[in-house]
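Report on the structure given below.
Please treat every number below as a calculation from the coordinates, not as lab data. Owing to the predicted nature of the structure, the values given are computational and were not obtained by experimental measurement. Cβ: placed from backbone, ideal geometry, glycine included. Neighbour counts: every protein chain shown.
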2 protein chains.
Amino acid sequence: MKINVEQAAAFLRQMDNVVILCHKSPDGDTLGSGYGLLYGLRALGKRARLMCADPAPRYLCCIPQEDTKEAFTPDFVVAVDVADPALLGSLEPEYGKKVDLCIDHHPSNLNYAQYTLLEDTSAATCEIIFEVLQALKVELTPKIADCLYTGLATDTGCFKFSNTTARTHLMAAAFMEAGCRFYEINKAAFETVTQARLAVQQQALASLTYHFEGQCALMEISRDMMEQTGATEDDLEGLSALPRQIEGVEVGVVLRQNKERTGYKISMRTNQRVDASAVCSLLGGGGHKRAAGCTVEGEFSQVRAKILEALQLWL
Amino acid sequence: MKINVEQAAAFLRQMDNVVILCHKSPDGDTLGSGYGLLYGLRALGKRARLMCADPAPRYLCCIPQEDTKEAFTPDFVVAVDVADPALLGSLEPEYGKKVDLCIDHHPSNLNYAQYTLLEDTSAATCEIIFEVLQALKVELTPKIADCLYTGLATDTGCFKFSNTTARTHLMAAAFMEAGCRFYEINKAAFETVTQARLAVQQQALASLTYHFEGQCALMEISRDMMEQTGATEDDLEGLSALPRQIEGVEVGVVLRQNKERTGYKISMRTNQRVDASAVCSLLGGGGHKRAAGCTVEGEFSQVRAKILEALQLWL
């Protein structure tokens, strides 16, 4: 059942023992939402505990993750930023069917909880959590501001993505007023790279080739590159966006070799004219107009030839 | 003479023919301020013209730069974001001593204009221009919002730098409400690289070496790299910040060979512990705690050895 901010706040006001669930492979929005809500509920004298199937990545070090091991029997289970119970990971068997309230901003939310507070125009679930905390008259402390600012910043690429709204900035202003450590948060989230990331990016960029008079830039991330640099999947984050960022490039393509080395996962990003989804559907894939993908078996040169052939209709 | 926002607005209200001056090698803040003020004054029925010694860089394509060649005799000259008349470049001989009003946020402003509106707590001069336009009761159109948002975003690294304040976000919210093209502005300013930039970065990163157990990362930008890639000085923007962004690195050093190939310009950035200014002063340079520089004559290996020797006291 869909509910609004006031109704969600009314439920939380009544509950004294709350378990908060974040999604697996946690990002800044699920952890920022979870800890922001946790500290808010504690400020109201309630017991609260946060659970997540996976540890927090290092770039989210500015979210204060205080020990929440206190044992209690929950009377209310809240999932934050979790669109699908499968995203609870190892927590799904125990909690998948016991979520009382889900607070989320994903349009794809499966409506699996007893009550769902969904605002899909919010850039981040943290925006909704802030509304709930305001309805609960929780004071905005620096600690809560750190949590909620982190969610806003990471889900909007630091206010750059098209999901950003005037309200996002108004809330950021409130978090800044409350003393959030925005400089440290953004430095950790956006301006820190691992040695392995830099090394694998370096090797991938060395493979970069331009086609169609510079309108297409294409690069490979092979298993050899991953092994030589010790890069993990985490280290590849954002690399798919790189070729499209080159001036004059309409179509950016990244070919990532599969573990079995039998083929490639293709990620295609376009700027304005080319429908990436249409191109990738020619190769058995799909996606959105500006970002799509497909899987093609074969060696690098064969796979590249197939992609360039498919692109020939557009470039 | 220092004046406040109301006083600056009062002057502008009286004037009908205004020339606006931007600084040479223009950035987003000087052009955003200049065009924002220009469109504001025109909306009030005044004649206004913008002048700048150099053309706008391509990454500022979202600032509407409408033809302003209309001939008139100015009764008022305003410089925006220009801390020193020398920064007027080729416009200095004609206008350097004729600036009636300077609107700026640099603490280093030389107070060279007849009247100076200086707010050095503003992240960008565009913040001050917005206050002036509000005092003049100019309606915030999408065009003006594009100009002023560009200055805010570019001078704060998209709200990441420590100069960002709650007010910066409140103003950004107003520009978003007014319909500024924030997505396109940020894409052009922050997510577009030239082929030459990518190529020179690639070569520079190939020269990257780690020292003091990964606490220092050092890279070279040689004249050969510049020539081979066709990179210009513009293409090097932001490269100096790269080594310090690597996880675990306390000191990031970039060695840029001089044109005569007789030595290197060193740029040093530090994170927390090392005083870059103290290190560089050992080598005859100086600067700030977190960013400093010096010039060292010699070949690459010699220069690198000198820097590492100087760093030995700290790492």
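Remarks
- Residues in the range B:49-65 reached by a label modelled at residue B:110 [backbone nitrogen below 20 Å; 7 Å Cα→Cβ]: B:51-54
- With 30 Å as the limit on Cα-Cα distance, the pairs of A:97/A:289; B:24/B:46; B:46/B:97; B:97/B:259 that go past it are A:97/A:289; B:97/B:259.
- Partnerless cysteines, meaning none of the other Cys C-beta atoms lie under 4.7 Å away, in chain B: B:61, B:62, B:102, B:126, B:147, B:158, B:180, B:216
- The Cα trace of the protein assembly as shown gives Rg and Dmax of 26.6, 80 Å, the first to one decimal, the second as a whole number.
- Between the C-alpha center of the range B:20-99 and that of the range B:195-236 there is a gap of 34 Å.
- The range B:157-315 - Debye-derived log10 I(q)/I(0), Cα point model, q = 0.14 Å⁻¹: -0.77
- Qualifying GluC sites (Glu not before Pro) for the range B:1-108 [loop in DSSP, other Cβ within 10 Å: at most 13]: B:66, B:70
- Alpha carbon Rg of the range A:101-211, scaled by the compact-globule rule 2.2 N^0.38 Å: 1.34
- Scaled radius of gyration (Cα, divided by 2.2 N^0.38 Å) that the range A:1-159 gives: 0.91
- Quarter of the Cα convex hull surface for the range B:185-264, i.e. its orientation-mean projected area (nm²): 5.8 nm²
- Label distances, nm, residue B:288 versus same residue in remaining copies, Cβ-directed 7 Å point: 3.5
- For the range A:72-112, the Kirkwood hydrodynamic radius from C-alpha pairs, put into Stokes-Einstein at 37 °C and a viscosity of 0.692 mPa s, yields a diffusion coefficient of 313 µm² per second.
- Semi-axes of the equivalent ellipsoid for the range B:230-284, computed as √(5λ) from the eigenvalues of its C-alpha gyration tensor and ordered from largest down, come to 22, 16, 7 Å.
- Remark: chain B is approximated by an ellipsoid whose semi-axes, taken from the C-alpha gyration tensor as √(5λ), come to 40, 20, 19 Å, largest first.
- At full extension, residue B:184 and residue B:120 could sit 20.2 nm farther apart than now, given 0.36 nm per residue minus the alpha carbon distance.
- Mean per-residue shielding of peptide B:156-169 is 6, counting Cβ atoms of other chains within 10 Å of each Cβ.
- Kirkwood analysis of the range A:1-55, using all unique Cα-Cα pairs, places the hydrodynamic radius at 11.9 Å.
- Using a 7 Å Cα-to-Cβ projection, residue A:212 label spacings across copies, nm, ascending: 4.8
- Mean per-residue shielding of peptide A:205-213 is 1, counting Cβ atoms of other chains within 10 Å of each Cβ.
- In the range B:1-82, the chymotrypsin sites (Phe, Trp or Tyr not before Pro) that fall in loop regions by DSSP, at most 13 other Cβ within 10 Å: B:72
- Pseudo-label separations to other copies for residue A:261 - Cα-to-Cβ vector, 7 Å, nm: 4.1
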